[in-house]
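Taking it in order: structure first as structure tokens, then the write-up.
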Amino acid sequence: VVRKFCGLLLLASISACSQPPAESGPAIVVPDAVHVSLAETLVPADPTLAAIYDRSCRACHALDGLGAPLSGHTAAWTPRLEERGLEGVLASVHTGRGAMPPMGYCPDCTDEDFRALIEFMSTEGQP
Amino acid sequence: MSTTRRAILLGSAGLATAVAIPGVQYAAWSMKDFTRDGYNPGLPPAPDGEVAWSNWSGIQQSTPKQIAVPATEDELATAITGAQRVRPVGSGHSFTGLVPSEHLIVDASRFSGLVSSDAATGIVTIGAGTRIRQAARELDAAGLACRICRTSMCRHWLAPSPHQRTARAVRCSRCTRMSKASGS
């Protein structure tokens, strides 16, 4: 009886300690040095979009280590777009996500602007 | 004194209990839902003729008649003329209720970027809605701030000291060393 009791206790303790942490969001894809430096320089070709990107998106999406997928780093964007789709990612901009407040610092942006910015940031950057 | 089989078994049981109790407590704690009922960090529903605003955490929400995002001083003047209560909004990361308004919220985001800079005096004029990283990036380009590396992160720093103005021309890793050497 004592042996069975000990066995059960050990099993319980092992299973309690080996619980995996709760999953939240897609896996983090760590960018390499090339993508980190690319993200710092990429800007949309369209000047209106570039102005919005400069004042609203660039602070987080061009700097590594802040949790936001980097501009031009498609590997980080693909899991998000596959999981939620473009409209789902757009919905994340509307409601806010992570450190990004609702409307992603751009209350005057239209959904078209947001879609174009998502497309720009998720397109693989060319050096 | 001899160690009996019974003592070993009892000792193991005690050890297992000592590990299991905090383990189970931790598991129970981490499975709890601490979100208050009805909490929604997203934008609140806005009635007709109103728009929705929420801060980052969702603690502050409001549905003003308009969120004005003027691009020029004339547009700003037009927006606030006749408005009852005007509240300015920044980036929405504060927790206090300074922004919510039933009437007008003004977002200065479009007044962004470097307006003018004087490298000799180190005096610059930047738009009132410029976020700090954009300010740092543009000042770096103007030779009035320094970029340094911290671990894997590159940062722009606002620091118009002569050392750092020199340092901006060199690569990130060297810049860190120079900053340390210059004591800044």
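The values are calculated or read from the model by the stated rules, or taken from the named source; none is laboratory data. What you are looking at is a predicted structure, and each value in this text was computed from that prediction instead of being measured. Using ideal geometry, Cβ is built from the backbone for each residue, glycine included, and neighbour counts are taken over all protein chains shown. Side chains included, ligands, DNA and RNA excluded: accessible areas come from the protein's heavy atoms. Shrake-Rupley method; radii C 1.70, N 1.55, O 1.52, S 1.80 Å.
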> So which pairs qualify, if the first residue must be in segment B:75-104 and without any contact (Cβ under 8 Å) to a residue 24 or more places away in the chain and open to solvent by less than 50 Å² (accessible area, probe 1.4 Å), the second must be outside any helix (DSSP H, G or I) and of a type in the set (Phe, Trp, Tyr), the Cβ gap must be under 9 Å, and the two must be at least 6 apart or on different chains?
Replying inline: none
> With respect to the numbered conditions (1) at pLDDT below 95; (2) within 14 Å of chain A (Cβ to nearest Cβ), which one is the sole condition not fulfilled by B:SER117?
Replying inline: (2)
>> Given the criteria within 9 Å of another protein chain (Cβ to nearest Cβ) and not in a loop (DSSP other than H, G, I, E, B), does B:LEU9 qualify?
In response: yes
> within 28 Å of the chain's Cα centre (by Cα), within 12 Å of chain A (Cβ to nearest Cβ) and hydrophobic (A, V, I, L, M, F, W, C) - does that describe any residue in segment B:83-95?
Replying inline: yes
>> Restricting to segment B:26-50, give me the number of residues that are open to solvent by 60 Å² or more (accessible area, probe 1.4 Å) and facing chain A (nearest Cβ under 9 Å).
In response: 4
>> If I go through segment B:62-74 residue by residue, how many of them are within 24 Å of A:ARG55 (Cβ to Cβ) and open to solvent by 70 Å² or more (accessible area, probe 1.4 Å)?
In response: 3
